[in-house]
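Right, one structure below, let's go through it.
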Amino acid sequence: MIEGLILPDVAHPEVAPFWAGCAEGELRVQACGSCGRRRMPPRPMCPYCNSFDTTWDVMSGRARVWSVVIPHPPLLPAYGEQAPYNVVVVELDDHPSIRFVGNVVVDADAALDSIEPHTVEIGDALQVVFSRVADDVWLPRWQPASD
């Protein structure tokens, strides 16, 4: 586990199902219980039909690199020892308008610098993995897809 990270409030009612899914190895996306449209980040009301009914869909975890940067210098001291590393925006294969920010790593327990950052390219196929960064926080990260 990395010391000094800014961690999410995994118990906040609007996002607790997402973080519970991560702890269970599932990538969940909020959907409207009325019109069925998916949205991320989670919010209490559907921006399309104004319903307060929500459900959570489990995604396949397959994605593609939509954007990639290499931060110079790292903004948080906790990341300094792992620099340089990649930061990606990925689009989900299941729903390309749903995007996540994360890092491409060789596996769930690998350091952020486990992949040469300049080798990550837009369009690379990825699969989600979950990295335990605190007792109750599992972050989605991405590894190169095996197929």
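Evaluating I122 against the criteria (1) within 14 Å of the chain's Cα centre (by Cα); (2) β-branched (V, I, T); (3) part of a loop (DSSP other than H, G, I, E, B) leaves one unmet condition, (1). Evaluate the following for E91: is it part of a strand (DSSP E or B), charged (D, E, K, R) and either surrounded by 14 or more Cβ atoms within 10 Å (Cβ to Cβ) or at pLDDT 95 or above (or both)? The answer is yes for E91.
Residues in the stretch 95-128 that are surrounded by 14 or more Cβ atoms within 10 Å (Cβ to Cβ), in contact (Cβ under 8 Å) with a residue 40 or more places away in the chain and either among the small types (G, A, S) or under 21 Å from E24 (Cβ atoms) (or both): H95, I98, F100, G102, A125, L126, Q127, V128. Taking the criterion of being over 30 Å from E116 (Cβ atoms) and part of a loop (DSSP other than H, G, I, E, B), the residues of the stretch 46-68 that qualify are C46, P47, Y48, C49, N50, S51, F52, D53. The residue pairs whose first member lies in the stretch 17-31 and is under 14 Å from R132 (Cα atoms), whose second member is assigned to a helix (DSSP H, G or I) and of a type in the set (A, V, I, L, M), and whose beta carbons are closer than 8 Å, counting only pairs six or more residues apart or on different chains, do not exist in this structure. Looking across the stretch 48-73, the residues that are loosely packed, with under 12 Cβ neighbours inside 10 Å and modelled with pLDDT under 95 come down to H72, P73. Picking from residues in the stretch 133-147 that are over 18 Å from Y85 (Cα atoms) and at pLDDT 95 or above, the one that is surrounded by the fewest Cβ atoms within 10 Å (Cβ to Cβ) is A145. For the stretch 69-82, the condition of being part of a strand (DSSP E or B) and within 30 Å of E3 (Cβ to Cβ) holds for at least one residue.
With respect to the conditions (1) at pLDDT 95 or above; (2) more than 18 Å from C22 (Cα to Cα), Y85 falls short on a single one, namely (1).
The values are calculated or read from the model by the stated rules, or taken from the named source; none is laboratory data. As the structure is a prediction and not an experimental result, all values here were calculated from the model. A quick note on method: Cβ atoms are made from the backbone with ideal geometry, for glycine too, and the neighbour counts reach across all protein chains shown.
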